[in-house]
Amino acid sequence: MLKGNENAFLSKVISSLDDYSQKIPKDILSCDKNDIKMLADREINTIVSTILSLTSNHSVLSEEGNPIKVTNSPTWIIDPLDGSYNLSRNIPIYCTSIALLKDYVPCLGLIYDLPNRKHYLSTDIRNSRYLGSDLSVSSEIRIENSVIASGFPLEVNFSPSQGNHFLNALRSFKKVRMFGSAAMSLLAVAKGNIDAYYEKDIYIWDIAAGCHLVERSGGRIDIKIDWNTYKCEVFASNGTIENIFFDNYDTWRI
């Protein structure tokens, strides 16, 4: 069950993002072959961090903050702006992603869809919800009829054999989509728009909230995490589509 300070934090963040999303700046602070940083990254991080400082004593790991050692104590995981490059190119697929981890597993997920000014919330006591309605994963059972989302983080390093395995696995699906935002891809799984999502070397702040939304919407999360680098390999599905990408994973039971 959410504590009072967690409810206060969520209410204030959602209200603040409602205001901020009315006019999001598209100023680029830096851009190179590996990354892009927008003014919105910094401003949203300031908004969320300021509210957290007033409402919560938990540790915070943010993409825009300093590295911390994640322990089994409650920890907020924040990506202020997932899909920064989409914003810079006026592609309306980007969001703010916030999760609360306890014992290394998400117990809360919030995705705020900034272009559409909508938020999606999942907690440990109820399913993923949007405006009071439960979200639900798809009912597709055949991989050859399924749609999967994926991506290529710039730091991913596939050997030739791994690359061939990845491409062959993708070919097992009917269609492949790349949205440019891991969190929004996971939200699409939770909403039943697509059936699965896979990515390697994606950071925990990109996927923690979305994974909670998927699991609480009836889906399944298979994951490997390196807590020293925060990098993950993750397969999220509606629960019936088989993970053919990797093995020796943990399955988050949220």
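Here are the numbers for the structure shown:
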{"read-out": "Distance violations [Cα-Cα > 21 Å] among Lys12/Lys231; Lys23/Lys231; Lys33/Lys200; Lys12/Lys118; Lys23/Lys118", "value": "Lys12/Lys231; Lys23/Lys231"}
{"read-out": "Cα-based equivalent ellipsoid of the chain: semi-axis lengths in Å, sorted from largest, via gyration tensor", "value": "27, 21, 18"}
{"read-out": "Straight-distance crosslink candidates among lysines, where the alpha carbon sits under 16 Å from Lys37 and sequence neighbours closer than 8 are dropped", "value": "Lys26"}
{"read-out": "Normalised contact order of the range 143-251, rounded percent, pairs of Cα under 8 Å and 6 or more residues apart", "value": "28 percent"}
{"read-out": "Segments 109-120, 73-84, 39-50 sorted - mean Cβ within 10 Å per residue, highest first", "value": "73-84, 109-120, 39-50"}
{"read-out": "Lys, Arg +1 and Asp, Glu -1 on Cβ, resulting dipole of the chain about Cα centre, debye, nearest 20", "value": "480 debye"}
{"read-out": "Angstrom value of the Kirkwood radius, inverse mean 1/r, which spans all Cα pairs in the range 177-248", "value": "11.9 Å"}
{"read-out": "Relative contact order of the range 52-154, pairs being alpha-carbon contacts under 8 Å that are 6 or more residues apart, as %", "value": "15 percent"}
{"read-out": "Fraction of alpha-carbon pairs over 23 Å apart in the range 4-134 - percent", "value": "32 percent"}
{"read-out": "Crossing angle, helix 182-191 versus the chain [Cα axis fit, 0-90 degrees, rounded to tens]", "value": "80 degrees"}
{"read-out": "Mean ellipticity per residue at 222 nm, deg cm²/dmol - from DSSP H runs of n ≥ 4 across the chain, formula -39500 (n - 2.57)", "value": "-9000 deg cm²/dmol"}
{"read-out": "Relative contact order (percent, whole number), the chain, Cα cutoff 8 Å, 6+ residue spacing", "value": "17 percent"}
{"read-out": "Helix 160-171 axis, angle to the chain major axis (alpha carbon atoms, nearest 10°)", "value": "90 degrees"}
{"read-out": "Crossing angle, helix 4-20 versus the chain [Cα axis fit, 0-90 degrees, rounded to tens]", "value": "90 degrees"}
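Only the coordinates and a few stated rules stand behind these numbers; no lab work does. A quick note: this is a predicted structure, and the numbers were derived from the prediction, not measured. Backbone-built Cβ (ideal geometry, glycine too); neighbour counts: all protein chains shown.
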